[in-house]
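One structure, as C-alpha coordinates, below. Some questions next.
The values are calculated or read from the model by the stated rules, or taken from the named source; none is laboratory data. Quick caveat: nothing in here was measured; it's all calculated off a predicted structure. Here the Cβ positions follow ideal geometry from the backbone for every residue, glycine too, while neighbour counts run over all protein chains shown. The area values use the complete protein model at the heavy-atom level, side chains included, leaving out ligands, DNA and RNA. Shrake-Rupley method; radii C 1.70, N 1.55, O 1.52, S 1.80 Å.
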Amino acid sequence: TSHNGVSLKLKSRLMPYLYTYSHEASSTGVPVARACVLEFPEDPKTWGESGKNGATKHQFMCGKWLMVSPVYDTADTKEWSFYLPEGKWADFFTGEQYDGGKIITGYDVSGYKFPVLVREGAIIPMYPESYFDDSRFQQKPRDPLTLDIYPSEKEKTKFELIEDDGLTYKFKTDLMFNKTLIECDPKIRENTVTIKITGLYEGRGYEGMPGKRNYYLKVHGTKPEAVIIESVKLTDMKDIAKLEKAEDGWYFDSEKKVAHIKVKTKESNSSF
(Lines give C-alpha, C1' and ligand atoms only; values in the text may rest on other atoms or scores of the structure.)
Protein backbone atom coordinates (compact mmCIF):
# COMPACT_ATOMS: atom_id res chain seq x y z
CA THR A 1 0.00 0.00 0.00
CA SER A 2 1.26 3.50 -0.79
CA HIS A 3 2.03 5.99 1.98
CA ASN A 4 -1.01 7.98 0.87
CA GLY A 5 -3.10 4.82 1.09
CA VAL A 6 -1.95 4.17 4.66
CA SER A 7 -2.80 7.76 5.66
CA LEU A 8 -6.22 7.59 3.99
CA LYS A 9 -7.04 4.31 5.73
CA LEU A 10 -6.06 5.87 9.06
CA LYS A 11 -8.23 8.89 8.29
CA SER A 12 -11.22 6.61 7.61
CA ARG A 13 -10.63 4.87 10.96
CA LEU A 14 -10.39 8.23 12.77
CA MET A 15 -13.67 9.46 11.27
CA PRO A 16 -15.65 9.36 14.57
CA TYR A 17 -12.91 11.43 16.26
CA LEU A 18 -12.67 13.93 13.38
CA TYR A 19 -16.45 14.10 12.88
CA THR A 20 -17.03 14.91 16.55
CA TYR A 21 -14.55 17.81 16.39
CA SER A 22 -16.11 18.97 13.12
CA HIS A 23 -19.45 19.20 14.94
CA GLU A 24 -17.71 21.23 17.63
CA ALA A 25 -16.17 23.50 14.99
CA SER A 26 -19.57 24.15 13.40
CA SER A 27 -21.17 25.09 16.73
CA THR A 28 -18.30 26.94 18.47
CA GLY A 29 -15.88 28.00 15.72
CA VAL A 30 -12.96 26.17 17.39
CA PRO A 31 -11.21 24.38 14.51
CA VAL A 32 -10.28 20.70 14.30
CA ALA A 33 -6.64 21.60 13.47
CA ARG A 34 -5.47 23.94 16.23
CA ALA A 35 -2.31 25.95 16.82
CA CYS A 36 -0.64 24.49 19.92
CA VAL A 37 -1.15 27.80 21.76
CA LEU A 38 -4.90 27.13 21.72
CA GLU A 39 -4.48 23.98 23.83
CA PHE A 40 -1.38 25.11 25.75
CA PRO A 41 -1.79 28.89 26.31
CA GLU A 42 0.41 28.84 29.45
CA ASP A 43 3.45 27.51 27.59
CA PRO A 44 5.67 30.33 26.19
CA LYS A 45 7.10 27.95 23.57
CA THR A 46 3.72 27.96 21.81
CA TRP A 47 3.52 31.77 21.59
CA GLY A 48 5.88 32.77 18.81
CA GLU A 49 6.68 32.45 15.14
CA SER A 50 10.46 32.34 15.58
CA GLY A 51 13.23 31.68 18.09
CA LYS A 52 12.69 29.76 21.33
CA ASN A 53 9.05 30.88 21.54
CA GLY A 54 8.35 29.49 18.08
CA ALA A 55 9.12 25.85 18.88
CA THR A 56 5.65 24.69 17.81
CA LYS A 57 5.29 26.94 14.74
CA HIS A 58 4.82 24.01 12.33
CA GLN A 59 3.09 21.64 14.74
CA PHE A 60 -0.63 21.49 15.40
CA MET A 61 -3.17 19.78 17.61
CA CYS A 62 -5.82 17.66 15.90
CA GLY A 63 -8.70 18.04 18.32
CA LYS A 64 -7.74 18.00 21.99
CA TRP A 65 -5.79 14.75 22.10
CA LEU A 66 -3.52 14.34 19.05
CA MET A 67 -0.46 16.43 18.18
CA VAL A 68 0.94 16.27 14.65
CA SER A 69 4.42 17.42 13.63
CA PRO A 70 4.54 17.59 9.81
CA VAL A 71 7.82 16.72 8.09
CA TYR A 72 8.19 19.55 5.59
CA ASP A 73 11.84 19.06 4.59
CA THR A 74 13.25 17.04 1.66
CA ALA A 75 12.10 13.50 0.91
CA ASP A 76 15.37 11.93 2.12
CA THR A 77 15.07 13.41 5.64
CA LYS A 78 15.67 10.55 8.12
CA GLU A 79 15.31 12.26 11.50
CA TRP A 80 13.06 14.98 12.91
CA SER A 81 12.69 17.03 16.07
CA PHE A 82 9.58 18.51 17.69
CA TYR A 83 8.50 20.12 20.94
CA LEU A 84 6.22 18.42 23.47
CA PRO A 85 4.42 20.65 25.98
CA GLU A 86 4.35 19.62 29.66
CA GLY A 87 2.75 16.28 30.51
CA LYS A 88 2.96 12.65 29.46
CA TRP A 89 2.71 11.71 25.78
CA ALA A 90 2.70 8.49 23.75
CA ASP A 91 3.60 7.78 20.14
CA PHE A 92 0.32 6.99 18.35
CA PHE A 93 2.00 4.40 16.11
CA THR A 94 4.51 2.66 18.40
CA GLY A 95 3.18 3.37 21.91
CA GLU A 96 6.57 4.73 23.03
CA GLN A 97 6.23 7.02 26.05
CA TYR A 98 7.61 10.57 26.29
CA ASP A 99 7.78 13.15 29.06
CA GLY A 100 6.87 16.62 27.81
CA GLY A 101 8.27 20.04 28.55
CA LYS A 102 11.17 19.51 26.16
CA ILE A 103 12.26 19.14 22.54
CA ILE A 104 12.43 15.55 21.29
CA THR A 105 15.26 15.00 18.80
CA GLY A 106 16.31 12.16 16.49
CA TYR A 107 12.76 10.94 15.78
CA ASP A 108 12.89 8.41 12.93
CA VAL A 109 10.94 9.71 9.92
CA SER A 110 12.49 7.48 7.27
CA GLY A 111 9.97 5.83 4.95
CA TYR A 112 7.66 8.88 5.04
CA LYS A 113 6.73 8.42 8.71
CA PHE A 114 5.85 11.53 10.70
CA PRO A 115 5.28 12.17 14.41
CA VAL A 116 1.73 11.83 15.80
CA LEU A 117 1.72 12.09 19.60
CA VAL A 118 -1.14 11.34 21.98
CA ARG A 119 -1.74 13.43 25.07
CA GLU A 120 -2.23 11.74 28.45
CA GLY A 121 -5.93 11.18 29.19
CA ALA A 122 -6.85 10.72 25.53
CA ILE A 123 -9.94 8.84 24.42
CA ILE A 124 -9.88 8.25 20.66
CA PRO A 125 -12.88 6.52 19.05
CA MET A 126 -12.20 4.65 15.81
CA TYR A 127 -14.25 2.79 13.19
CA PRO A 128 -13.00 -0.19 11.16
CA GLU A 129 -11.20 0.66 7.91
CA SER A 130 -13.38 1.68 4.96
CA TYR A 131 -13.32 -0.70 1.99
CA PHE A 132 -14.76 -1.08 -1.50
CA ASP A 133 -17.30 -3.88 -2.06
CA ASP A 134 -17.73 -5.99 -5.23
CA SER A 135 -19.65 -3.25 -6.98
CA ARG A 136 -16.87 -0.74 -6.09
CA PHE A 137 -19.05 1.22 -3.66
CA GLN A 138 -17.19 2.48 -0.63
CA GLN A 139 -18.43 0.87 2.56
CA LYS A 140 -17.91 2.75 5.82
CA PRO A 141 -18.61 0.33 8.67
CA ARG A 142 -19.31 1.77 12.14
CA ASP A 143 -19.02 -1.50 14.02
CA PRO A 144 -17.12 -2.46 16.08
CA LEU A 145 -16.35 0.87 17.72
CA THR A 146 -12.75 0.83 18.95
CA LEU A 147 -11.93 3.09 21.89
CA ASP A 148 -8.21 3.84 22.10
CA ILE A 149 -7.73 5.03 25.70
CA TYR A 150 -4.65 6.52 27.37
CA PRO A 151 -5.70 6.89 31.03
CA SER A 152 -4.47 9.95 32.88
CA GLU A 153 -2.79 9.29 36.21
CA LYS A 154 -4.29 12.39 37.79
CA GLU A 155 -7.64 13.42 36.31
CA LYS A 156 -10.89 12.20 34.89
CA THR A 157 -11.18 12.71 31.12
CA LYS A 158 -14.07 12.25 28.70
CA PHE A 159 -15.02 12.18 25.04
CA GLU A 160 -18.52 13.00 23.78
CA LEU A 161 -18.76 11.05 20.51
CA ILE A 162 -21.31 12.49 18.10
CA GLU A 163 -22.74 10.43 15.22
CA ASP A 164 -25.55 11.19 12.79
CA ASP A 165 -26.72 10.06 9.35
CA GLY A 166 -23.85 11.91 7.67
CA LEU A 167 -26.21 13.23 4.98
CA THR A 168 -28.79 15.64 6.37
CA TYR A 169 -29.11 18.49 8.87
CA LYS A 170 -31.68 16.59 10.96
CA PHE A 171 -29.15 16.56 13.82
CA LYS A 172 -29.85 20.31 14.10
CA THR A 173 -33.59 20.43 13.47
CA ASP A 174 -34.88 17.14 14.93
CA LEU A 175 -32.12 16.17 17.41
CA MET A 176 -31.49 13.15 15.19
CA PHE A 177 -28.03 12.25 16.41
CA ASN A 178 -26.43 9.92 18.92
CA LYS A 179 -24.05 11.27 21.52
CA THR A 180 -22.15 8.53 23.34
CA LEU A 181 -20.36 9.66 26.50
CA ILE A 182 -17.05 7.89 27.23
CA GLU A 183 -15.42 8.67 30.59
CA CYS A 184 -12.10 7.46 32.01
CA ASP A 185 -11.54 8.02 35.73
CA PRO A 186 -8.37 6.95 37.62
CA LYS A 187 -9.64 8.27 40.96
CA ILE A 188 -12.84 6.37 41.86
CA ARG A 189 -10.99 3.37 43.33
CA GLU A 190 -7.31 2.89 44.17
CA ASN A 191 -5.26 0.99 41.55
CA THR A 192 -8.27 0.95 39.25
CA VAL A 193 -9.05 2.70 35.99
CA THR A 194 -12.82 3.07 35.67
CA ILE A 195 -14.18 3.47 32.16
CA LYS A 196 -17.87 4.30 31.81
CA ILE A 197 -19.73 4.27 28.49
CA THR A 198 -23.18 5.84 28.26
CA GLY A 199 -24.95 5.08 24.98
CA LEU A 200 -27.49 7.55 23.56
CA TYR A 201 -26.41 10.04 26.24
CA GLU A 202 -28.01 12.80 24.16
CA GLY A 203 -30.02 12.87 20.95
CA ARG A 204 -32.83 10.74 19.56
CA GLY A 205 -30.74 8.51 17.32
CA TYR A 206 -30.69 8.80 13.53
CA GLU A 207 -31.92 7.01 10.43
CA GLY A 208 -29.83 3.91 9.81
CA MET A 209 -28.41 3.90 13.33
CA PRO A 210 -27.54 0.32 14.37
CA GLY A 211 -29.63 -0.95 17.28
CA LYS A 212 -26.70 -2.89 18.71
CA ARG A 213 -23.05 -2.02 19.12
CA ASN A 214 -19.83 -3.95 19.63
CA TYR A 215 -17.13 -2.21 21.66
CA TYR A 216 -13.43 -3.00 21.51
CA LEU A 217 -11.23 -1.15 24.01
CA LYS A 218 -7.48 -0.65 23.78
CA VAL A 219 -6.32 0.64 27.16
CA HIS A 220 -2.68 1.74 27.37
CA GLY A 221 -0.63 1.19 30.53
CA THR A 222 0.55 -1.59 32.81
CA LYS A 223 -0.97 -5.08 32.68
CA PRO A 224 -4.25 -5.24 34.63
CA GLU A 225 -4.72 -7.79 37.40
CA ALA A 226 -8.32 -8.13 36.26
CA VAL A 227 -10.80 -6.66 33.80
CA ILE A 228 -14.35 -6.44 35.16
CA ILE A 229 -17.48 -5.38 33.29
CA GLU A 230 -20.58 -4.89 35.43
CA SER A 231 -19.19 -7.22 38.15
CA VAL A 232 -18.35 -9.98 35.63
CA LYS A 233 -14.66 -10.86 35.52
CA LEU A 234 -13.53 -11.30 31.91
CA THR A 235 -11.20 -14.12 30.87
CA ASP A 236 -7.56 -13.29 30.15
CA MET A 237 -7.20 -14.98 26.75
CA LYS A 238 -3.36 -14.69 26.69
CA ASP A 239 -3.63 -14.87 22.88
CA ILE A 240 -4.97 -12.18 20.52
CA ALA A 241 -6.26 -14.82 18.03
CA LYS A 242 -8.36 -16.45 20.78
CA LEU A 243 -9.75 -13.05 21.77
CA GLU A 244 -10.81 -12.37 18.17
CA LYS A 245 -12.90 -15.57 18.17
CA ALA A 246 -14.35 -15.09 21.66
CA GLU A 247 -17.58 -13.27 22.55
CA ASP A 248 -15.74 -11.27 25.20
CA GLY A 249 -12.46 -11.30 27.10
CA TRP A 250 -9.12 -9.50 27.18
CA TYR A 251 -5.50 -9.85 26.15
CA PHE A 252 -2.44 -7.81 27.14
CA ASP A 253 0.11 -6.91 24.48
CA SER A 254 3.26 -6.73 26.63
CA GLU A 255 5.36 -5.25 23.80
CA LYS A 256 3.12 -2.21 23.23
CA LYS A 257 1.68 -2.28 26.78
CA VAL A 258 -1.95 -2.27 25.66
CA ALA A 259 -4.86 -4.21 27.16
CA HIS A 260 -7.25 -5.31 24.37
CA ILE A 261 -10.75 -5.70 25.79
CA LYS A 262 -13.67 -7.15 23.85
CA VAL A 263 -17.13 -6.44 25.24
CA LYS A 264 -20.26 -8.55 24.66
CA THR A 265 -22.64 -6.97 22.13
CA LYS A 266 -24.67 -4.17 23.73
CA GLU A 267 -27.82 -2.30 22.85
CA SER A 268 -26.75 1.06 21.33
CA ASN A 269 -28.48 2.97 24.15
CA SER A 270 -27.04 0.87 27.00
CA SER A 271 -24.61 2.07 29.65
CA PHE A 272 -21.95 0.02 31.34
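Any chance the range 222-235 includes a residue that's open to solvent by 30 Å² or more (accessible area, probe 1.4 Å), free of Cβ contacts under 8 Å to residues at least 24 places away in the same chain and in contact with a Phe, Trp or Tyr (Cβ under 8 Å, 6 or more places away or on another chain)?
Checking the range 222-235: at least one residue is open to solvent by 30 Å² or more (accessible area, probe 1.4 Å), free of Cβ contacts under 8 Å to residues at least 24 places away in the same chain and in contact with a Phe, Trp or Tyr (Cβ under 8 Å, 6 or more places away or on another chain).
Taking the range 159-196 as the region of interest, how many residues are under 19 Å from Glu120 (Cα atoms) and surrounded by 13 or more Cβ atoms within 10 Å (Cβ to Cβ)?
15
Only one residue in Pro115, Pro44, Pro125, Pro85 is under 23 Å from Lys11 (Cα atoms) and more than 13 Å from the chain's Cα centre (by Cα). Which one?
Details: Pro44 fails: under 23 Å from Lys11 (Cα atoms); Pro125 fails: more than 13 Å from the chain's Cα centre (by Cα); Pro85 fails: under 23 Å from Lys11 (Cα atoms).
That would be Pro115, the only listed residue that is under 23 Å from Lys11 (Cα atoms) and more than 13 Å from the chain's Cα centre (by Cα).
Please specify each residue of the range 87-124 satisfying the condition of being farther than 19 Å from Thr46 by Cβ, open to solvent by less than 20 Å² (accessible area, probe 1.4 Å) and either β-branched (Val, Ile, Thr) or assigned to a helix (DSSP H, G or I) (or both).
Those that are farther than 19 Å from Thr46 by Cβ, open to solvent by less than 20 Å² (accessible area, probe 1.4 Å) and either β-branched (Val, Ile, Thr) or assigned to a helix (DSSP H, G or I) (or both): Val109, Ile123, Ile124.
Ok, one more. Which condition breaks for Arg34 when tested against (1) farther than 17 Å from Leu167 by Cα; (2) touching a Ser or Thr at 6+ places or on another chain (Cβ under 7 Å)?
(2)
What is the number of the single condition among (1) closer than 17 Å to Tyr216 by Cα; (2) modelled with pLDDT under 95; (3) touching a helix residue (DSSP H, G or I) at 6+ places or on another chain (Cβ under 9 Å); (4) not aliphatic (A, V, I, L, M) that Pro144 does not meet?
The number of the failed condition is (3).
Kindly list the number of the only condition in (1) in a strand (DSSP E or B); (2) surrounded by fewer than 20 Cβ atoms within 10 Å (Cβ to Cβ); (3) without any contact (Cβ under 8 Å) to a residue 60 or more places away in the chain that fails for Lys154.
Here Lys154 meets the rest and fails (1).
Residue by residue through the range 36-86, note down the ones that are in a loop (DSSP other than H, G, I, E, B), at pLDDT 95 or above and open to solvent by 30 Å² or more (accessible area, probe 1.4 Å).
Within the range 36-86, Pro41, Glu42, Lys64, Glu86 meet the criteria.
Right, another one. Is it true that some residue in the range 15-28 is in a loop (DSSP other than H, G, I, E, B) and either within 30 Å of Leu145 (Cβ to Cβ) or open to solvent by 60 Å² or more (accessible area, probe 1.4 Å) (or both)?
No, because not a single residue in the range 15-28 is in a loop (DSSP other than H, G, I, E, B) and either within 30 Å of Leu145 (Cβ to Cβ) or open to solvent by 60 Å² or more (accessible area, probe 1.4 Å) (or both).
Follow-up. Between a first residue in the range 22-41 that is of a type in the set (Phe, Trp, Tyr) and a second residue that is at pLDDT below 95, which pairs have beta carbons less than 9 Å apart while being 6 or more apart in sequence or on different chains?
Short answer, once both residue conditions are applied: Phe40/Thr46; Phe40/Thr56.
I'd like the full set of residues that are aliphatic (A, V, I, L, M), touching a Gly at 6+ places or on another chain (Cβ under 6 Å) and in a loop (DSSP other than H, G, I, E, B), limited to the range 223-269. Let's see the steps before the verdict.
Residues of the range 223-269 aliphatic (A, V, I, L, M): 226-229, 232, 234, 237, 240-241, 243, 246, 258-259, 261, 263.
So of that shortlist, the ones also touching a Gly at 6+ places or on another chain (Cβ under 6 Å) come out as 234, 237, 243.
The answer is Leu234, Met237.
Would you mind finding the one in Glu163, Glu183 that is touching a residue at least 24 places away in the same chain (Cβ under 8 Å) and farther than 17 Å from Leu18 by Cα? Walk me through it before giving the result.
On the way: Glu163 fails: farther than 17 Å from Leu18 by Cα.
So the residue among Glu163, Glu183 that is touching a residue at least 24 places away in the same chain (Cβ under 8 Å) and farther than 17 Å from Leu18 by Cα is Glu183.
Next up: Looking at Tyr206 and the list (1) part of a loop (DSSP other than H, G, I, E, B); (2) among the aromatic types (Phe, Trp, Tyr); (3) out of contact with any Asp or Glu (no Cβ under 7 Å at 6 or more places or on another chain), which single condition is not satisfied?
(3)
Right, here's the next one. Answer yes or no as to whether Met209 is among the aliphatic types (A, V, I, L, M), buried (at least 17 other Cβ atoms within 10 Å of the Cβ) and within 29 Å of Asp91 (Cα to Cα). Quick ask: steps written out before the conclusion?
Numbers: among the aliphatic types (A, V, I, L, M): yes; buried (at least 17 other Cβ atoms within 10 Å of the Cβ): yes; within 29 Å of Asp91 (Cα to Cα): no.
The answer is no for Met209.
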